[in-house]
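Participant: Sharing a structure, written as structure tokens. Questions coming.
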Amino acid sequence: MSEKLLAAATEHGLVVDQVGKLLARVRKEVDDGLLPAAQVALAKDGEVVFQASYGSARDDSLTCIFSATKAVTSAAAWLLMQAGELSEGERVADIIPEFAANEKDQITVAQLFTHTAGFPSAPFAPLEWDDRDARLGRFARWRLNWQPGSKFEYHASSSMYVIAELIERRSGMGYREFVRKRVLEPLGLKNLFVGLPEHENARALPCEHVGDALTPEDYKKLGVPVPPVTEVTEEAILAFNRPDVRAVGVPGGGGFATAEDLALFHQALLHGGLPGTDELWSKDTRQDVRRIRSGDLTDMMFKRPANRALGLIISGDDSRNFRGFGKTNSPLAFGHNGAGGQLAWADPATGLSLGYVTPGHDRNSIRQGSRGVAISSIAAQCAPQL
């Protein structure tokens, strides 16, 4: 550990030995040759304590954060809710009439955020976002897989496209413009993008797949169900190496960030803003959006509580590792991780927030999941509880 990092950790009251363990765990699979790069950052008290970059990552390298983007899209929509310009009880079709076809007229705004809307598999090609006719045509053609509100099933991208459309209709601004001007610029986050500008592509690390996939027999031996086939295919992941796809700013999974800005963004979600900036989300808003709305609905794969708030996942009980948190996170921790092992959370119990990114997408899903739980478990103990 460098003297600079040691001084920063000490200044912010972190447990120095634990920080050393975190850095060692993050760099392990880079040093072993499995992952091409990784970045990790911890933030506290509204400030970044440190960021460390390994492998091919430089300190200013950007990585696609995939579904961690959902927290950014959701936080933008919270501003409209806070201003009374959008309500989670509204029916989506009352705002987007084109969406109503095929019995989707009953879906509420809240159900989009909680993955209970009933159209988890609805297809959408990213480049269609900027073709308004194609976008609305997709919305109209989508069909329900099950009755809205009846169960929880992860909507990898579909529902967030609709939330982005809601933002446009109620704000009168383009979705990417709204996120940039109302969220990212006010927070001073210059290394977090939803819609990557052409001139920033040189900083973006290319996604690549590493390792070997487990076979159904491997999963059986481990006593773990085989993951369902979803739209998150290897081809879909690699599409984010294309500048035109990066520029779309896919609302459910197309953001790019450094680990530092990802950790800082979650500090803003924790405190309402960052030092020297205006408060974006009031205390009441921050408390309300973290209220679990999914009730006793469970995740289909792991049969554990879904614990979904308004676009965020809440740590909750001792099964929190199945929701992507560390075993040592407090029940109050919140955030949203991303495909490929991206980690992003804040924990009110310690005031810490974590950002971890890697362009290496491990085909071994058990190893990838275990890595995330290990990194988060160590990170969560880098500061004593408040």
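The values are calculated or read from the model by the stated rules, or taken from the named source; none is laboratory data. Values in this document were obtained by computation on a predicted structure and should not be read as measured data. Here Cβ is always computed from backbone atoms with ideal geometry, including for glycine, and neighbour counts include all displayed protein chains.
Participant: Go through segment 286-341 and report how many residues are touching a residue at least 60 places away in the same chain (Cβ under 8 Å), of a type outside the set (A, V, I, L, M, F, W, C) and more than 29 Å from Arg363 (Cβ to Cβ).
Facilitator: Counting residues in segment 286-341 that are touching a residue at least 60 places away in the same chain (Cβ under 8 Å), of a type outside the set (A, V, I, L, M, F, W, C) and more than 29 Å from Arg363 (Cβ to Cβ) gives 2.
Participant: Of (1) within 24 Å of Met81 (Cα to Cα); (2) free of Cβ contacts under 8 Å to residues at least 60 places away in the same chain; (3) in a loop (DSSP other than H, G, I, E, B), Leu189 satisfies all except one. Which?
Facilitator: So the condition that Leu189 fails would be (2).
Participant: Return the residue satisfying two criteria in turn: it lies in segment 287-344 and is buried (at least 21 other Cβ atoms within 10 Å of the Cβ) and of a type in the set (Val, Ile, Thr), and of such residues it is nearest to the chain's Cα centre (by Cα).
Facilitator: Taking the candidates together, the pick is Ile313.
Participant: Regarding segment 359-374, can at least one residue be identified that is free of Cβ contacts under 8 Å to residues at least 12 places away in the same chain, out of contact with any Phe, Trp or Tyr (no Cβ under 9 Å at 6 or more places or on another chain), assigned by TED's automatic domain parsing to the domain that holds Pro251 and polar (S, T, N, Q)?
Facilitator: Yes.
Participant: Any residue in segment 168-186 that is closer than 29 Å to Arg367 by Cα and within 17 Å of the chain's Cα centre (by Cα)?
Facilitator: No, segment 168-186 contains no residue that is closer than 29 Å to Arg367 by Cα and within 17 Å of the chain's Cα centre (by Cα).
Participant: Can you pull out every residue in segment 95-122 that is assigned to a loop (DSSP other than H, G, I, E, B), under 25 Å from Leu297 (Cα atoms) and modelled with pLDDT of 95 or more?
Facilitator: Passing the criteria: Asn102, Glu103, Ile107, His115, Thr116, Ala117, Gly118, Phe119, Pro120, Ala122.
Participant: Turning to a different aspect of this structure: Considering (1) within 26 Å of Leu79 (Cβ to Cβ); (2) touching a residue at least 12 places away in the same chain (Cβ under 8 Å), say which one Leu144 fails and leave the rest.
Facilitator: For Leu144, the exception is condition (1).
Participant: Which condition from (1) surrounded by fewer than 21 Cβ atoms within 10 Å (Cβ to Cβ); (2) in contact with a Phe, Trp or Tyr (Cβ under 9 Å, 6 or more places away or on another chain); (3) farther than 20 Å from His336 by Cβ is the one that Leu35 breaks?
Facilitator: (1)
Participant: Let me ask you something else. Go through segment 345-367 residue by residue and tally those that are in a helix (DSSP H, G or I) and either of a type in the set (Lys, Arg) or surrounded by 21 or more Cβ atoms within 10 Å (Cβ to Cβ) (or both).
Facilitator: So the count comes out to 1.
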